[in-house]
Amino acid sequence: MNKPYLLLFVILCSFSAFAQEYFPKNDGVKTDTKTITAFTNAKIYVTPSQIIDNGTLVIKDGKVLQVGTNISVPKGAVVMNLNGKTIYPSFIDPFSDFGIEKPKRNRNWREAPQYDAGREGYYWNDHIRPETNPLEEFTFDNKKANELLKAGFGTVNTHKHDGIVRGNGILVALNTSGDNSTRILDDRSAQYLSYEKSAASRQSYPTSLMGAMALIRQMYHDADWYAKGNANRTDLALEALVANKNLVQIFHSGSKHNSIKTDAIGDDFGIQYVLVGDGSEYENIDAMKATNASFIIPVNFPNAYDVSDPYASTVLELEDMKHWNQAPANPKMLSDKGITFSFTLHDSKSGKEFMSNIHKAIAYGLDKTKALEALTTIPARILKQEDKIGSLQNGRQANFIITSGDLFDKETVIYENWVQGNQNIFSDKSLVDLRGKYDLNIAGKTYQLAITGTPEKLKSDVIIDSLQLGSKLSFSDGWLQLQFTTPDTTNTGFIRLTASVKNPTYISGKAVLDTGYETTFNATQKATSSSEEKDKKEKQEETPEMLPISYPNGAYGSTTLPRQETILFKNATVWTNEKEGILQNTDVLVKDGKIARIGKNISASNAKIIDATGKHLTAGIIDEHSHIAAFAINEAGHNSTAEVNMADVVDPEDVDIYRNLAGGVTTIQLLHGSANPIGGRSAILSLKWGRSADEMLFKDADGFIKFALGENVKQSNWGDTETTRFPQTRMGVEQVFTDYFQRAKEYEAKKKSGNYRYDIEMETISEILNSKRFVSCHSYVQSEINMLMKVAEKFGFNINTFTHILEGYKVADKMKEHGVGGSTFSDWWAYKYEVNDAIPYNGAIMHNQGVLVAFNSDDAEMSRRLNQEAAKAVKYGGVSEEDAWKFVTLNPAKLLHIDDKVGSIKTGKQADLVLWTDHPMSIYTKAQTTMIEGTIYFDLERDTQLRRNIQNDRAKLINMMLQEKGKGMKTQPVKKKEKIHNHCDTGQL
Amino acid sequence: MKKYLFIYSICISLCISFTGLAQQTPAPKQAQAISIVGATAHIGNGTVIENATIVFENGKIVRIGSAASTRTDGKIIDAKGKHIYPGFIAPNSTLGLVEVDAVRATRDQDETGSFNPHIRSLIAYNTESKVVESCRPNGILIAQVTPRGGRVSGTSSIVQLDAWNWEDAALKADDGIHINWPNDYTKGRSWLGESRGLRPNENYSKQVQEIQKTFDEAAAYLNGDRSPKNLPFEAMSGLLKGTQSLFVHVESEKGILDAIDFGKKNKLKIVIVGGYNAHKVANELRLHKVPVLLHRTHSVPELDDEDYDLSYKKAKLLMDAGVLVGLENSGQMERMNTRNLPFLAGTVAAHGLNKEKALQLITSNTAQILGINDRLGTLEVGKDATLFVSEGDALDMRGNILTHAFINGREISLETHQTKLWQRYSKKYSEKQ
């Protein structure tokens, strides 16, 4: 224990009865309370796998002195004969907020946002708080401690659940009669991190998940730089971060996606995080295994939904229903994969729910030893505190529970929970267990008596001649009282019994009949509740049926992913997008993911033949500007956020991916939003539905970044409070760019000189200056379009693409000269002031001036019918059909520098193809088959099958939930997912 | 700063009033008979006349038939190889009520308060709107102008899109009242610590009862001495007499069924607007002859589990079930998007509906639902000569290229603010070269 804190506790706790031996005493004589206690005749789980039958546990000074079978109880020990009861180490929660209050968020929507840090002498971002040591405000919460003790917990590692870096945790034994000097086993136990901002600060940055990820990365760079003594000022946060480096790093990632990304961040900085998940790890178990991380998982399995109202139940998504069905398998699946995991109470409503969910997990196949490990040895190991807690080996804390039997048996009772040798009683363990079946003999008659329930709350059933009699039973302090009605239903009388019970196998005592006649009775036990009866019951409780996991694990997912095929399209109209133009009655052979041959009368053995007679085969559609498949869009906390990367927040399970495929889209550029002049880096995705985010990233693609101009970046439509961030005018926008480019140049110079602070943002902007990263800039008005080209020229590089570019037609000649492409909307306008002069002829005019033109969507709905949008270039301005089609295929491929791989039908290119039922730009066409690299990801026929699967799975799950409700299990009301479709200006957080 | 803001806003308003002059001058009354000859006439009721002749005079269609058997008159327009259609109708629109979505000063569609039957959209309809004129070159010649917001949003009117002022524009003033039926789902109040997402609306029944109570009170008022005057109740008199329709904006199955009951109970002419789940209660809609103005075809399904093409095919599902359906286009950027109405109908045809039936979704069906089918919606003798000629299939982007358009026989301009900019800048570049 670190000394100043120890001193603090000594002062705080000087009034406590549990004073140290060297403390003076003025309120009585000095007594030595060092009792030795021995627990004999117990089944002892020293560890989950080291089990001693009929053993003895000896504890002294709150620690285990001895444990084993042939132990002679030391003299002067208090002996407790446990008569066959079971001892387990108490549980450990490694992710607790016990005794530490979370600061409340102080929200005032009318206040202007705060861009700078609110603290002095700390890191530039308030949400980085590694210096937090909860010890300073820790208050032992007796009430909460009792709840935890009752649930079986003996130790918690508690921390302040606030901020991105949250500081260290403290390891606390839940000793209700000790004081902090004994309870706190470690005052610096693990450092905690998360993606949640601190409630204590209003600082805007980061407003997004990718912003939080970028911030953490930059923080590590800065800490490294600081540790090397490069800073000329003190930063208490970085100092603490450096000091906490050797602690266990526990990261509350909160989702399976975040776990993957978080682990990758750790890899970059040589940190292996312990990951705190959300219970959905089973959906992507291989990726979880690949992190090599230990997990801390909640057991917050959802209740069944109340689907009795058929109208209401229609809004329930398959994804949510499946999670109800599958989530209890999470621990088993982690265990089967060999992933180390601990449980946490976090996210459970109560200790009771926690334990009943662990029972459920066991019913789903989780091994009991693994379950016990996840409650004891694993959390101890994760926290690197195995020498203190988690087992009952000699010298460990005397933290253990005494139970009536197998911990994971529903009937089992936790009698006592001992923490640091301090006894907490929850149920009288000396209580005779009366539960069982008896022959009850009174006055020559034999009644059948069955006693059930829990030892504290017994229930009785009295039957004679198959007639059930009303009865009431109580049992306290060893005295049984039972009264029941006489069999005569016309004239009810009562028979009363009372007896002192020492041994439930034979009970005898006094009986008073309804006539007032007093006599004796006896009852002989025929069976105990824990014998044959239970065996039968267990057999009836079958393993619950679990639906198979699909990828994604919801609508339109499949249990087996589609594979690359050799496919021959016969007799198609082929839109090559090459000098060959549109070829009639042509065959195209796809092999090994590539376009292998184009020609007439091709034959290929082993190829799957698709008859394309009367149909049109084109390259897949490419959407240069998309915001689907993302967990976040805008990092709006700074006016430049080049450090953020959309690749960090790809959501591969967004059903809009599937819908895009159904609209013939194979590639998208997932762009950052337009909240700031310099936005984040973008991700180019192949829409390989069912695959992981990383597998969707377009291979070997150049890097791009989003810039933005105009109303969005000057926050014109953000409300009256958003008037403080620079820039607020188009004039300011120019200066933001000039400033950052200038600084990046200076950064590069400094980098060359050797002594510099690694800055992710500056690194990214340097890439732009060196034409290693390319700009796609959200733009509307001609003045600003012109401005950005001039700024870029001044710094010696070119803007790659103007996206939206609705006034591109006014400066098409200048664009041509600069060499920038235009990725525009076909016909959007009038939604804000700066698009007053937007015209649908924009694409045609730019095209006619020789600008490379694409049509994009910026919209989950429009993106799935970009073929219709391409046709509008024919309507507005008379672009030829062949050229118009390139607006959504080859041209965006060129803008994204991937036209060597996709965008046209050419031998050797990637087989990213769409077969259309009609002319691809006809309003009457449909995508029939969409493939990426020779793998069919959408097909009308397969779609029909997937719809059927959804219907079947839904019907099955709804039936299962109705059964669950019928059994009297808890249900929750149906909820409806609110899907947010992102646009450029979609805010986050 | 304030001062500069003031100057800035003056600049903006000057800009607006200056560019506002771009609106096309409304066409004068039809002076002579016009005959369009040789086009394929899409009547709007499911039938087609190849090589047709259509003659109109004094704003009305006087003859239509095959060119061989139909006498021409007056000015002849040769439309060989072209197509002729009744003017498309955009119901439940906010055309002319908002100019620029993001500029508050231009937004006039949503009055404060929740019970506003007396609020009339017509008087705020801006005939000079640049957005309105941009609809015409795509064949949209008629619109229902509808207020938004509240429980009862107000009273809509039907206008034609080539007028000097709202009185000229009005085809049917105050045609109906719009009510937003309670949702059976409400958003979680995240600021109160509730989880986001939608959960069952516990107040649904109460809210439905409140509507009934209001209607009861209105009926009682209108049957009484109507004193002192109650403006909202007065505005409901047409509704309760059956001369106005009640447009019920409702999406859920239960909501639609409750709305049908409500209509029956109060003897109202009701129209379902939006009707996201209408296809699930198609049978009841057919039985009670309740028509649907169906939500935007071009929208993504609300639920992940739903068919990707649900919005595309829904109109067909309803029509197949015998329900009278028209298409509406409310939603994000609805005004500028109105010009894509023909392609909303075309998309339904792509997903299984016969093309001429798809055309009905934006012509005769809508006219019937809005109660203007005596004058509009089809190319039939006696009806208004509100029609247009297109180079090709007007439901397809590549064919929807108008050469002529008429409202009441008046040949309207197909120029817009946008075509002018197109011409100006095309000229700039051609002169440069």
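Laboratory data are not the source of any read-out in this text; all were calculated from the coordinates shown. Worth saying up front: this structure is predicted, and the values here are computed from it rather than measured. Don't worry about glycine lacking a Cβ; one is built from the backbone with ideal geometry, like all the others, and counts go over all protein chains shown.
Going from the residue with the fewest nearby Cβ atoms within 10 Å to the one with the most, A:883, A:859 rank A:883, A:859.
Starting from the Cα of residue A:810, draw a straight line to each of the lysines and keep only those under 21 Å, dropping any in the same chain fewer than 8 residues away. Qualifying lysines at Cα under 21 Å: A:790, A:832, A:872, A:875, B:130, B:420, B:427, B:428, B:432.
Dipole magnitude for the protein assembly as shown: about 300 debye, using +1 per Lys or Arg Cβ and -1 per Asp or Glu Cβ, origin at the Cα centre.
Would you list A:885, A:324 from fewest to most Cβ contacts within 10 Å?
Working: A:885 27, A:324 20.
Starting with the residue having the fewest Cβ neighbours, the order is A:324, A:885.
Calculated FRET efficiency, residue A:350 to residue A:73, Cβ-Cβ distance, R0 = 41 Å: about 0.60 to the nearest 0.05.
Where does region A:664-765 land on Rg(C-alpha)/(2.2 N^0.38 Å)?
Values: Rg = 17.4 Å, N = 102, 2.2 N^0.38 = 12.8 Å.
That works out to 1.36 for region A:664-765.
Ordered by the count of other Cβ atoms within 10 Å of each Cβ, fewest first, A:479, A:916, A:718 give A:479, A:718, A:916.
As an equivalent ellipsoid, the protein assembly as shown spans semi-axes of 67, 42, 31 angstrom, where each value is the square root of five times an eigenvalue of the C-alpha gyration tensor, largest first.
Using alpha carbons only, how many angstrom separate the centre of region A:344-381 from the centre of region B:325-358? Result: 54 Å between the Cα centres.
What dipole magnitude, in Debye to the nearest 20, does region A:653-740 give about its Cα centre under +1 on Lys/Arg Cβ and -1 on Asp/Glu Cβ? Spell out each step's value before the answer.
Details: 9 positive and 12 negative charges, 25 e Å.
I would put it at about 120 debye.
Do the sum for chain A: with -39,500 (n - 2.57) for every DSSP H run of n ≥ 4, divided by all residues, what is the mean residue ellipticity at 222 nm, to the nearest 500 deg cm²/dmol? All intermediate terms of the calculation are to be shown ahead of the outcome.
Values: 25 runs with 248 residues, N = 989.
Roughly -7500 deg cm²/dmol at 222 nm, from the helical runs in chain A.
Against the longest principal axis of chain B, how steep is helix B:341-350, in degrees 0 to 90 to the nearest 10, with axes from Cα atoms? Value to nearest ten degrees: 90.
A helix-only calculation puts chain B at -8500 deg cm²/dmol for mean residue ellipticity at 222 nm, using -39500 (n - 2.57) for each DSSP H run of at least four residues, averaged over all residues.
Taking only C-alpha pairs under 8 Å that are 6+ residues apart, what is the relative contact order of chain B in percent? Mind dumping the intermediate values first?
Numbers: 983 pairs, mean separation 84.9, N = 433.
Rounded, it is 20 percent for chain B.
Look at the alpha carbon pairs under 8 Å that are at least 6 residues apart: their mean separation over the length of region A:436-528 gives a relative contact order of 26 percent. Shape class of region B:88-376 from the alpha-carbon gyration tensor: rounded, with the ratio a/c of largest to smallest axis under 1.5.
Comparing B:303, B:123, B:152 along the charge dipole axis of chain B, the residue lying farthest to the positive side is B:123, per the Cβ-charge model.
In straight-distance terms, cross-link reach from residue A:752 covers every one of the lysines whose alpha-carbon lies under 23 Å from its own, apart from those fewer than eight places away in the same chain; here that gives A:228, A:772, A:794. Compute the long axis of helix A:782-794 from its Cα atoms, compare it with the longest principal axis of the Cα atoms of chain A, and write down the angle in degrees, 0 to 90, nearest 10. Its long axis makes an angle of about 90 degrees. So which of A:25/A:150; B:172/B:357; A:256/A:384; A:591/A:979 end up more than 30 Å apart by C-alpha? As for pairs spanning more than 30 Å Cα to Cα, those are A:25/A:150; A:591/A:979. Once you reduce region A:146-207 and region A:220-297 to the center of their Cα atoms, the two points are 17 Å from each other.
Computed 3J(HN,Hα) for region B:307-319, one whole-Hz value per residue from the Karplus formula 6.51 cos²θ - 1.76 cosθ + 1.60 where θ = phi - 60°, is 4, 4, 9, 4, 5, 5, 9, 4, 4, 5, 4, 5, 5, glycine and proline marked x. Taking the Cα centroid of region A:444-498 and of region B:21-59, what is the distance between the two, rounded to the nearest whole Å? That distance is 94 Å. Averaged over the residues of A:208-220, the number of partner chain Cβ atoms lying within 10 Å of the residue Cβ comes to 0.
Partners of residue B:280 within straight-line reach, counting lysines whose Cα lies under 17 Å from its Cα and excluding those fewer than 8 residues away in the same chain: B:254, B:289, B:313, B:314, B:316. Compared with the dominant principal axis of the Cα atoms in chain A, helix A:760-769 is inclined by about 10°. Across peptide A:920-933, the average count of Cβ atoms from other chains found within 10 Å of a residue's Cβ is 3. Each of A:704, A:731, A:777 was placed along the dipole of region A:701-798 (beta-carbon charges, centred on the mean Cα), and the one lying farthest toward the positive end is A:704. Structural descriptor for region A:796-910: relative contact order 21 percent, calculated from alpha carbon pairs under 8 angstrom and at least 6 residues apart.
Quote the charge dipole size of region A:436-528 about the Cα centre in Debye, to the nearest 20; the model charges only the Cβ of Lys and Arg (+1) and of Asp and Glu (-1). Let's see the in-between values first.
Working: 9 positive and 8 negative charges, 46 e Å.
Roughly 220 debye for region A:436-528.
Taking the convex hull of the Cα atoms, report for region A:436-528 its projected area averaged over all directions, in nm². Its Cα hull, projected and averaged over all orientations, spans 5.7 nm².
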